[in-house]
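Below: the structure, in C-alpha cells.
The values are calculated or read from the model by the stated rules, or taken from the named source; none is laboratory data. Fair warning: this is a prediction, and the values are worked out from it, not measured in the lab. A quick note on method: Cβ atoms are made from the backbone with ideal geometry, for glycine too, and the neighbour counts reach across all protein chains shown.
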Amino acid sequence: MSPRATERKRARIPTPAKSAAETRQIMKRLGTQHPNADTELNFTNAYELLVATILSAQCTDQRVNQVTPALFARYPNAGVLARATTEELEPQIQSTGFFRAKSRSLVGMATELVETHRSEVPKTMDELVKLPGVGRKTANVVLGHALGVPGLPVDRHVLRVANRIGIAKSDEPEIVEQQLCAAMPPAEWTRTSDTLILHGRRICKPRPLCDRCVIRADCDFYAHLTRAVSTRPPMSKAQRTAAKGSRPTRGKKGRA
Ligand code: SF4
C-alpha cells in the first residue's frame, strides 16, 4: 500500500468514545473479573495451535479440544500432515463443521510450512496470513499465545464487547484491532483479547448480564440502557391494563 493510501486509510479510522487511559483502566478492572483469561484451545506448540485455531472457525473450543488429541497423535508435525490427503482428514475433523474446507486448509498450510518455512511456523503476521486458511485473527492467536509476539485477535466477542463498552468504534475487526492496540501496551494485547472474549462468552453475551458486570459504571451501552429506562414516561392505567391483556391465553382464544 502506498504511503498516501495508508494515510487515507488511517484518516478513516474513527476515534472510540473512551480515551487510551480510560481503556487501560477499564481493561484493568475487567481483568479482575476474568483473572485467568487465556485461550481455551489445548496445544503444546505453535504448529498444534495453528491447526486447532483453523479448526475452531465456526466451532466451539471444547469441540476442537475433543478432536485434536487424536489428530496431533497421528499428525505430530507439518511434515506428516503435509503428506495426508484431504479425504483421509475429513472424517477425523467432521464434527468441527466445514470439514472439507478445513481439510484443504490444513493440508495446504502444512505443505506451505514444509516448502517455504522449513516445517516451522513463521513468526510474522505477513508470513502467517499467506498460509492457506490463515487470516489475521488466526495469525494473532498463534503469535500471541505460542510465539511470544504481541498479537490482539479480534473475534465476534471482542467486536461486540469492545463496541458496547466504548473502547472501540467499528464493525470491522481490523479497525477494532488497531484501536485497541493503540490504547493498550503491546505486552497486554493478547490478554486484552482473551479477557474480552471471556467476558463476551460469560457476561456480555448477545443478551448481556449487566448486573454481573464489574465495569458497568464505565460502559456506554449500559449508560444508554439505563438512560432509556429512566426517561421512558410512566404508563397510564389504561396502558398498563392493555399491556397486561396483550398476552394471549390459549384457553380464552380456544373459547372465542
Ligand atoms: S455493562 Fe453490560 S453491556 Fe456493558 S460490558 Fe458489561 S455486560 Fe456488557
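Descriptive notes on the structure:
- Matching entry among Leu143, Leu152 (being crowded, with 22+ Cβ neighbours inside 10 Å and assigned to a loop (DSSP other than H, G, I, E, B)): Leu152
- Count of residues meeting criterion [near the ligand (Cβ under 10 Å from one of its atoms) and either in contact (Cβ under 8 Å) with a residue 40 or more places away in the chain or closer than 13 Å to Ala162 by Cβ (or both)] in the stretch 192-205: 6
For every residue, the table says whether it meets (1) surrounded by fewer than 15 Cβ atoms within 10 Å (Cβ to Cβ); (2) of a type outside the set (A, V, I, L, M, F, W, C); (3) under 18 Å from Asn140 (Cβ atoms); (4) touching a residue at least 40 places away in the same chain (Cβ under 8 Å).
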{"position": "Leu49", "(1), (2), (3), (4)": "no, no, yes, yes"}
{"position": "Thr53", "(1), (2), (3), (4)": "no, yes, yes, yes"}
{"position": "Asn65", "(1), (2), (3), (4)": "no, yes, no, no"}
{"position": "Ala110", "(1), (2), (3), (4)": "no, no, no, no"}
{"position": "Ser119", "(1), (2), (3), (4)": "no, yes, no, yes"}
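- Scanning the stretch 92-108 for residues that are part of a helix (DSSP H, G or I) and not polar (S, T, N, Q) yields Ile93, Phe99, Arg100, Ala101, Lys102, Arg104, Leu106, Val107, Gly108.
- Screening the candidates Leu225, Leu209 for the property of being within 9 Å of the ligand (Cβ to nearest atom) and at pLDDT below 95 yields one hit, Leu225.
- Test: residue in the stretch 247-255 that is within 15 Å of the ligand (Cβ to nearest atom) and either surrounded by 10 or more Cβ atoms within 10 Å (Cβ to Cβ) or at pLDDT below 95 (or both): no
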